[in-house]
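These notes are about the structure you will find just below.
The values are calculated or read from the model by the stated rules, or taken from the named source; none is laboratory data. For clarity, every value in this text was computed on a predicted model and none was experimentally measured. As a convention, Cβ positions derive from the backbone with ideal geometry for all residues, glycine included, and neighbour counts pool all protein chains shown. The protein model used for the area step is the full one, side chains on, heavy atoms only, and it has no ligands, DNA or RNA in it. Shrake-Rupley method; radii C 1.70, N 1.55, O 1.52, S 1.80 Å.
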Amino acid sequence: DLRVLLVDALQVVKRRSTMFVISDFYTVEGWEPALTRLARRHDVVAIRLTDPLESRLPDLGLVTMEDAETGEQVFIDTHDPAFRRRFEQMSEAREIALRAAFSSAGVDCLELRTDSSLVASLTHFMALRKRRAQVAGGATQSPQTT
């Protein structure tokens with residue numbers, strides 16, 4: 001339950017800090033308000049771990065899926081194009097909701113994908129944060145020389 005972790009962090013860490021919340025954010029609903037409260041007091045960065053298979057299922061036929069947190073198992077037919085399409089639509093809706101939650105809370109999100117370079121992702125993320133800080137501080141691009 002990510003909400004419990006976020007509430008506990010707010011109670012434990014008293015001084016303004018930079019906090020990293022590392023999760024796939026597949027959790028019990030209701031964590032968003034706690035993230036917003038935490039971000040009001042601290043500089044919070046969400047580090048989201050993702051796997052492309054979580055958003056797009058390959059055509060593998062009949063497979064058993066297990067919920068990592070509850071242990072519940074279900075059989076699904078990944079050969080069914082309608083099922084794969086519904087799965088992708090649900091995944092896309094979830095992505096939109098997650099991005100909206102991070103934005104609403106004022107939290108930066110670094111997405112680390114299992115099929116991408118960790119170094120490239122970190123470098124891109126830090127460059128974006130640096131640029132945003134420069135813009136917020138009133139810095140402008142220096143004139144280009146020829």
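Points to keep in mind about this one:
- So Thr27, is it in contact (Cβ under 8 Å) with a residue 60 or more places away in the chain and over 23 Å from Leu122 (Cα atoms): no
- Elements of type strands (runs of 3 or more DSSP E) contained in the stretch 31-88, each with 1 or more residues being in contact (Cβ under 8 Å) with a residue 40 or more places away in the chain: 43-50
- Residue selection: Val4 satisfies the criterion of being within 26 Å of Ser103 (Cα to Cα), of a type in the set (A, V, I, L, M), touching a helix residue (DSSP H, G or I) at 6+ places or on another chain (Cβ under 9 Å) and surrounded by fewer than 16 Cβ atoms within 10 Å (Cβ to Cβ).
- Looking at Ala39, Ala97, just one residue is among the small types (Gly, Ala, Ser) and under 13 Å from the mean Cα position of the chain (by Cα), and that residue is Ala97.
- Scanning the stretch 7-40 for residues that are open to solvent by 70 Å² or more (accessible area, probe 1.4 Å) and in contact with a strand residue (DSSP E or B) (Cβ under 9 Å, 6 or more places away or on another chain) turns up Arg16, Thr18, Phe20, Ile22.
- Failed item, numbered, when Met19 is tested on (1) free of Cβ contacts under 8 Å to residues at least 60 places away in the same chain; (2) touching a Ser or Thr at 6+ places or on another chain (Cβ under 9 Å); (3) part of a strand (DSSP E or B): (2)
- Among residues of the stretch 53-78, those that are closer than 24 Å to Val28 by Cβ and surrounded by 10 or more Cβ atoms within 10 Å (Cβ to Cβ), counted: 9
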